Amino acid sequence: EGIRVVILSGAGQSFSAGLDRRMFVEGLPGEASLVGLAEKPASEVEDIIAGYQRAFTWWRERPVVTIAAVQGHAIGAGFQLALACDLMIVEATASLSMKEIQLGLVPDLAGTLPLVRAVGYQRALELCLTGRAISGDEAAAIGLAITAVPEGQAAAAADDLAAGITAAAPNATTAVLGLIRGAHGRDLTEQTAAERAAQYGRITELAALMQR
């Protein structure tokens with residue numbers, strides 16, 4: 001409570017390099033390998049994946065604006081983590097890819113829906129079917145990121161964006177966030193009704209402030 005903007009960034013040269021290849025056979029401490037998962041019942045494996053997915057969908061369930069500041073590589077799970085945010089800023093030299101298909105896997109961390117919403121059906125399908133890497137410049141050009149900045153400037157650009165967001169009234173920001181996040185799931189009648197309800201809340205709050 002009280003947090004209005006969260007910036008996700010990677011320490012070091014990359015935002016996130018994605019899946020550790022040791023997960024195929026060896027596994028990692030506390031994590032079963034893919035071979036180990038294959039030996040479990042389907043329902044148990046689906047529950048495990050659902051747990052991973054919750055770590056990615058959690059960001060869109062909070063009343064805070066999330067910004068991904070992407071530098072270096074954002075591959076597979078790393079790409080989907082960036083997609084889990086409301087806004088994405090990329091460095092022009094960044095490399096983003098949905099690499100799962102090249103490993104015989106599919107994207108499974110809630111990244112496919114925001115990808116389709118950001119770039120459309122055909123481009124999303126092409127990126128997921130080929131696993132090709134796109135640069136930060138291309139990510140901005142196709143609407144995946146809001147801007148591409150020179151190398152080394154993603155964090156500063158994210159800070160500037162956060163400052164602009166937090167300059168507005170907190171409850172107005174939350175109301176707008178709810179309107180835009182929910183727009184894809186509503187028709188025009190439902191969306192305009194949501195706008196009216198949100199605006200009534202703003203009017204009554206501002207009126208109360210002015211009468212103090």
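The values are calculated or read from the model by the stated rules, or taken from the named source; none is laboratory data. Given the structure is predicted, the values throughout are model-derived calculations rather than measurements. Keep in mind that these areas ignore ligands, DNA and RNA; they rest on the heavy atoms of the full protein, side chains included. Shrake-Rupley method; radii C 1.70, N 1.55, O 1.52, S 1.80 Å.
Can you run phi through the Karplus equation (6.51, -1.76, 1.60; θ = phi - 60°) for the stretch 182-187 and list ³J(HN,Hα) in whole Hz, with x for Gly and Pro?
Rounded to whole hertz, the list is x, 4, 5, x, 10, 8.
Write down, largest first, the equivalent ellipsoid semi-axes of the stretch 29-75 in whole Å, where each equals the square root of 5 times an eigenvalue of the alpha-carbon gyration tensor.
Its equivalent ellipsoid spans semi-axes of 28, 16, 7 Å.
At 0.36 nm per residue, minus the direct Cα-Cα distance, what do V176 and D137 gain on full extension? Give it in nm, one decimal, please.
Length difference between fully extended and current span is 11.3 nm.
With all pairs of different alpha carbon atoms counted, what Kirkwood hydrodynamic radius in Å does the stretch 4-106 show?
Evaluated over the stretch 4-106, this radius sits at 14.9 Å.
If you take the C-alpha gyration tensor of the stretch 1-44, multiply each eigenvalue by 5 and take the square root, what semi-axes do you get, largest first, in whole Å?
Value: 31, 17, 8 Å, ordered largest first.
State the Kirkwood hydrodynamic radius of the stretch 101-150 in Å, one decimal place, computed from all pairs of distinct Cα atoms.
For the stretch 101-150, the Kirkwood estimate is 11.5 Å.
Under the √(5λ) rule applied to the eigenvalues of the Cα gyration tensor, what semi-axes describe the equivalent ellipsoid of the chain? Give them in Å, descending.
Rounded to whole Å, the semi-axes are 34, 21, 17.
Carbon and sulfur atoms: what percent of the 1.4 Å accessible area of the chain do they account for?
Using a 1.4 Å probe with all protein chains present, the chain comes out at 58 percent carbon and sulfur.
Based on the Kirkwood radius over alpha-carbon pairs, what is the Stokes-Einstein translational diffusion coefficient of the stretch 48-142 at 10 °C with 1.306 mPa s viscosity, in µm²/s?
The estimated diffusion coefficient comes to 119 µm²/s.
Taking 0.36 nm per intervening residue step and subtracting the Cα-Cα distance, what contour gain separates E1 from Y200 on full extension?
69.3 nm
Accessible area per residue of the chain at 1.4 Å probe, in Å²?
Using a 1.4 Å probe on heavy atoms only, each residue of the chain averages 57 Å².
Measuring from the lowest to the highest alpha carbon on each principal axis, how far does the stretch 98-212 reach, largest first, in angstroms?
Cα extents, longest axis first: 61, 38, 22 Å.
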